[in-house]
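K.L.:
Okay, here's the structure, questions in a sec.
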Amino acid sequence: MALLSVLTPVLAVVLCLLIGFMLVKSREPGTTTSPSVGETKAGSKAEFRPWVDQDLQDNTEITANEKENRDWVESNDEDLPHVPYSPLRYPVETVLKRSQDFYTLMNQRRSVRFISPEPVPQEVIDNIIHTAGTAPSGAHTEPWTFVVVSDPEMKHRIRLIVEEEEKVNYHQRMGEKWVHDLAKLRTNWIKEYLDVAPYLVLIFKQTYGILPNGKKKTHYYNEISVSISCGILLAALQNAGLVTVTTTPLNCGPQLRLLLKRPANEKLLMLLPVGYPASDAIVPDLKRKALGDIMVHI
């Protein structure tokens, strides 16, 4: 008993040291235990969000192994020439009017699912894509590819792929809340406009570049850059009197990439059916937030 009374404080000290050591190790970088798939750090089940977790991964980061890989090259533009920039400057009154006119034009932009089969001149689409290509990009890598599809058979094959996956999305992947939130917009997995629209524009982000010699080049902020380009594209469509509906078909990217014979470094970001609005087109009577709800002036 005397021996036990002596050992008990010693064992308690040893136990405290072990617990303290384990706590310190758990706080070191790289030792934190990640929650399992579908769980939060608190251990509770987290909502599965495929539109974030799967489709919006940027892939900008380069791992240490990739940096060491000889297939990757750094930019060799040591000194890019610079030129004067002197755009036309308008009087204040003109600036105000132009800004208001452009807002009025863009405020008429709507997502339209009823598109006319009426032909649109190819040159118009060329100009619009050319305009989208003026977007800024990380280190001027221009990490976008716009695939324009007008062939009826190819459009139908795209529709079949999209509808097959969208049917699963609506019935299984998206969840009851998401489907409920979309109900007021009267959307479903049937995408008739993919056959009807004279053009389908599929926008791919290039997760990295491929040089003529086969070497890989880093594309910084590729998703942000391509997203900005898509915004300019939507403005150009509105300016030309054309309509579209922005679609990001979940789980269709790999199949569509293979169908369109795009390289492995490209990932589908958005699919736009493009054309004139149908004569009987309707849209939800939505209201936009007021300026005071979207802007903070400091």
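Quick note: the coordinates plus some simple rules give every number you see, no bench work behind them. Here the structure is a predicted model, which is why all the values come from computation and not from measurement. All Cβ positions, glycine included, derive from the backbone under ideal geometry; neighbour counts span all protein chains shown.
K.L.:
Skipping prolines and chain starts, which residues have an amide H placed within reach, meaning under 5 Å, of the one on M270, given they are 5 or more residues away or on another chain?
P.N.:
Counting only residues 5 or more places away or on other chains, the set is I203.
K.L.:
Also, quick follow-up: Which of K217/K261; K155/K261; K215/K267; K267/K287; K191/K289 have a Cα-Cα distance over 23 Å?
P.N.:
As for pairs spanning more than 23 Å Cα to Cα, those are K267/K287; K191/K289.
K.L.:
In addition: Which whole-Hz ³J(HN,Hα) couplings does the range 97-103 yield from phi under the Karplus relation 6.51 cos²θ - 1.76 cosθ + 1.60, θ = phi - 60°, glycine and proline marked x?
P.N.:
For the range 97-103, the Karplus-derived couplings read 5, 4, 5, 5, 4, 5, 4 Hz, x marking Gly and Pro.
K.L.:
May I pose another question? Suppose each label sits 7 Å from its Cα in the direction of the beta carbon; what would the V283-K97 distance come out to in nanometres?
P.N.:
2.6 nm
K.L.:
In addition: With charges only on Cβ, +1 for K and R and -1 for D and E, what is the dipole size of the range 113-277 about its Cα centre, in debye, rounded to 20?
P.N.:
520 debye
K.L.:
Can you compute 3J(HN,Hα) from phi for each residue in the range 241-251, using the Karplus curve 6.51 cos²θ - 1.76 cosθ + 1.60 with θ = phi - 60°, rounded to whole Hz and x for Gly and Pro?
P.N.:
In residue order, the calculated couplings are x, 9, 10, 7, 9, 6, 10, 10, x, 4, 6 Hz.
K.L.:
Just name one of I158, S225, P277: the one whose Cα is farthest towards the positive end of the charge dipole of the range 113-277 (beta-carbon charges, Lys/Arg +1, Asp/Glu -1).
P.N.:
Sorting the options by dipole projection puts first S225.
K.L.:
For a quick check: sort L272, L259, L200 by the number of other beta carbons within 10 angstrom, fewest at the front.
P.N.:
L259, L272, L200
K.L.:
Given a cut-off of under 8 Å on Cα pairs at least six residues apart, what relative contact order in percent is computed for the range 198-298?
P.N.:
38 percent
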